[in-house]
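Asks: Have a look at this one before I ask anything.
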Amino acid sequence: MTCVIRWRPDGRRCTVIPMTDSERGGKYYWCTRHHRVETDADVCPAKHVLGPYDSAADAENALQRVQERNEAWDAEDARWAGEDR
C-alpha cells in the first residue's frame, strides 16, 4: 500500500493516508528516486514521491523539512524520556 503523509500545521505529528496513483490531486512532488521536483504531468509512482506541495520550492525543500521534523521529534522523545539533548 502506498501512503501520503499529511503534516499537522504545528508540524509535530502526522497522519498517514492510504493513496493510489490515481488519487493524487496536488501540483508538485519531490521524487525520492530521481531527486527532483515533478509535476502531475510527469510524476513517478506514488511510492517514490513526497507531496503534493503547493509550489516547486516547497517540493524541493521536502527532505530538509523531513530532517528538521525528525530532529525535533527526536529531541521531544529525549525530553519525554528524561534525557538531555
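Asks: Restricting the first residue to region 33-48 and requiring it to be closer than 14 Å to L63 by Cβ, which pairs with a second residue that is surrounded by 12 or more Cβ atoms within 10 Å (Cβ to Cβ) and of a type in the set (S, T, N, Q) meet a Cβ separation below 6 Å and a spacing of at least six or different chains?
Replies: Qualifying pairs under 6 Å: H48/T32.
Asks: Can E68 be described as of a type in the set (D, E, K, R), outside any strand (DSSP E or B) and at pLDDT 55 or above? Spell out how you get there, then give the answer.
Replies: Details: of a type in the set (D, E, K, R): yes; outside any strand (DSSP E or B): yes; at pLDDT 55 or above: yes.
Considered against the rule, which asks whether it is of a type in the set (D, E, K, R), outside any strand (DSSP E or B) and at pLDDT 55 or above, E68 comes out as yes.
Asks: Under the condition of being outside any strand (DSSP E or B) and surrounded by 14 or more Cβ atoms within 10 Å (Cβ to Cβ), which residue from region 45-64 is farthest from the chain's Cα centre (by Cα)? Write out each step before concluding.
Replies: Step one: of region 45-64, the residues outside any strand (DSSP E or B) are 45-48, 54-64.
If we keep only those that are surrounded by 14 or more Cβ atoms within 10 Å (Cβ to Cβ) as well, we get 46, 48, 56, 58-62.
Working: A46: 12, H48: 11, A56: 14, D58: 10, A59: 9, E60: 11, N61: 10, A62: 6 Å.
Per the stated criteria, the residue is A56.
Asks: Among the residues of region 1-59 satisfying the criterion of being at pLDDT 90 or above and charged (D, E, K, R), which is farthest from N70 (Cα to Cα)?
Replies: By that ranking, first place goes to E38.
The values are calculated or read from the model by the stated rules, or taken from the named source; none is laboratory data. Here the structure is a predicted model, which means the values were calculated and not measured. Here the Cβ is made from the backbone with ideal geometry for all residues, glycine too, and neighbour counts use every protein chain on show.
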